[in-house]
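Visitor: Below are the structure tokens for one structure; questions will follow.
The values are calculated or read from the model by the stated rules, or taken from the named source; none is laboratory data. Owing to the predicted nature of the structure, the values given are computational and were not obtained by experimental measurement. Please note: Cβ atoms are built from the backbone with ideal geometry, for glycine as well, and neighbour counts cover all protein chains shown. All accessible areas refer to the heavy atoms of the entire protein, side chains included, with ligands and DNA or RNA removed. Shrake-Rupley method; radii C 1.70, N 1.55, O 1.52, S 1.80 Å.
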Amino acid sequence: MPALPPYAYTGPVDCTIAPNPGQLKGKSVIVTGGANGMGETTVRKFAEAGAFVTIADLNVERGEQVAKELGPNAQFVQCNIVNWDDQVRVFEAAVANSPSKSCDIVIANAGININAAPVKPKLSIVDVNLTGTLYTWKLAIHYFRRQPDTEDRDRCFIITGSMVAWIDSPANWQYTCTKYALRGLMRVARRSSWEQGIRINYVAPCYIKSAIRSPTYEAELVAKGVEFAPQEAVARCFMRIATDRTINGHSLMITPPSVAKEGFKDVDMDDYDNKEADEYEYFKRTQEMQLRIIEDRWVEGWSKARTAEGGLK
């Protein structure tokens, strides 16, 4: 498996380093929600770099059109990510279409937001954004572990989150809850996933031209002073992570060029080692204690009830 060190804070990611597209040639990539918006832009960039991309989306017409344009480096699989069996088909198709029979990079991008009058919530946003992504993560772990154990393969999982995981966004209750939860998934998983050579990162767009919003709503936002970041910035950020195996356990935010010319930067707010103020001392101490108390290892046969050698405690 790809060798990774245990997660430790080593400072923010240097986002001024351009991604090396050559690292993606021959890689097998899954993009959920890849038929339009920033998902489609990402699919195109990765396919152009020589990756074999599997587009998972509900939009059959658009998904098949994009796959046809990018063939043979792209295929489309109709998928409702809240449906476990649909997602299994996506992963099986990705492995089957890969020359190395592998699954190297998974970008959990599918998501929805709904602006409607207050009614009894159906929690469809939670189902798609959170439950669906948890399904994707579970399957990614399984297929990462099955792929060929060679140095040229990768085990990279990227979550499309949102800046609402750090800022208040009144009225977006379900959406905000899911994006906070996915940030939590990244922070928890990074502590153990390295043992299986799996790295996990969180990418947080904010205002980006995307199919998730209606054109009318986007026009209203522009009138209120919003500066949209281009969809290409998201694809570049995904590519930066996918081509650098040292990036693990980070949250990167997508920004307009006025904030970062690269279009993204490390949020650098997921650890307390870099905080000097006294008010962070309790966080540091509690985090260290929690890592000692909540044992977890991703190695075969490990159990809290047994010693490292396999004997009963």
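Visitor: Can you list residue pairs whose Cβ atoms sit under 9 Å apart, with the first residue in region 266-288 being more than 18 Å from T10 (Cα to Cα) and the second being part of a helix (DSSP H, G or I)? Count only pairs 6 or more apart in sequence or on different chains.
Guide: Qualifying pairs under 9 Å: none.
Visitor: Suppose we filter region 242-292 for residues that are assigned to a loop (DSSP other than H, G, I, E, B), among the charged types (D, E, K, R) and under 30 Å from G26 (Cα atoms); how many remain?
Guide: 4
Visitor: In region 48-106, which residues are more than 17 Å from the chain's Cα centre (by Cα), of a type in the set (D, E) and under 22 Å from N201 (Cβ atoms)?
Guide: E48
Visitor: I need the full set of residues from region 246-294 which are polar (S, T, N, Q) and crowded, with 18+ Cβ neighbours inside 10 Å, in order please.
Guide: N248, S251, T255 - these are the residues of region 246-294 that are polar (S, T, N, Q) and crowded, with 18+ Cβ neighbours inside 10 Å.
Visitor: I'd like to check something: does region 110-127 contain any residue that is more than 30 Å from V164 (Cα to Cα), out of contact with any Asp or Glu (no Cβ under 8 Å at 6 or more places or on another chain) and of a type in the set (G, A, S)?
Guide: No, the conditions are met nowhere in region 110-127.
Visitor: Please verify whether I159 is modelled with pLDDT of 95 or more, assigned to a loop (DSSP other than H, G, I, E, B) and either aliphatic (A, V, I, L, M) or open to solvent by 40 Å² or more (accessible area, probe 1.4 Å) (or both), treating the condition exactly as stated.
Guide: In short, no.
Visitor: Identify, from the list A235, A242, the residue that is of a type outside the set (S, T, N, Q), open to solvent by less than 10 Å² (accessible area, probe 1.4 Å) and out of contact with any strand residue (DSSP E or B) (no Cβ under 7 Å at 6 or more places or on another chain).
Guide: Testing whether each residue is of a type outside the set (S, T, N, Q), open to solvent by less than 10 Å² (accessible area, probe 1.4 Å) and out of contact with any strand residue (DSSP E or B) (no Cβ under 7 Å at 6 or more places or on another chain) leaves just A235.
Visitor: Of the numbered conditions (1) within 13 Å of the chain's Cα centre (by Cα); (2) of a type outside the set (K, R); (3) modelled with pLDDT of 95 or more, D244 fails exactly one; give the number of that condition.
Guide: Result: D244 fails condition (1) only.
Visitor: Any idea which of A8, A96, A110, A3 is touching a strand residue (DSSP E or B) at 6+ places or on another chain (Cβ under 8 Å) and more than 20 Å from G263 (Cβ to Cβ)?
Guide: A110
Visitor: Return yes when M1 is in a helix (DSSP H, G or I), of a type outside the set (D, E, K, R) and at pLDDT below 95 and no when it is not.
Guide: When the stated conditions are applied, M1 does not pass them.
Visitor: Going residue by residue through region 203-212, is there one that turns out to be crowded, with 22+ Cβ neighbours inside 10 Å and among the hydroxyl-bearing types (S, T, Y)?
Guide: The answer is no, given that none of the residues of region 203-212 is crowded, with 22+ Cβ neighbours inside 10 Å and among the hydroxyl-bearing types (S, T, Y).
Visitor: Which residues, taken from region 142-156, are crowded, with 19+ Cβ neighbours inside 10 Å and outside any loop (DSSP other than H, G, I, E, B)?
Guide: Y143, F144, C156 - these are the residues of region 142-156 that are crowded, with 19+ Cβ neighbours inside 10 Å and outside any loop (DSSP other than H, G, I, E, B).
Visitor: Still on this model: Is it the case that L134 is out of contact with any Phe, Trp or Tyr (no Cβ under 8 Å at 6 or more places or on another chain), surrounded by fewer than 20 Cβ atoms within 10 Å (Cβ to Cβ) and outside the structural domain of G184 (by the TED database)?
Guide: So L134 fails the test.
Visitor: Give V222, V188, V128, V164 a once-over and let me know the one that is under 30 Å from A96 (Cβ atoms) and in a helix (DSSP H, G or I).
Guide: None of the others qualify; the one that does is V128.
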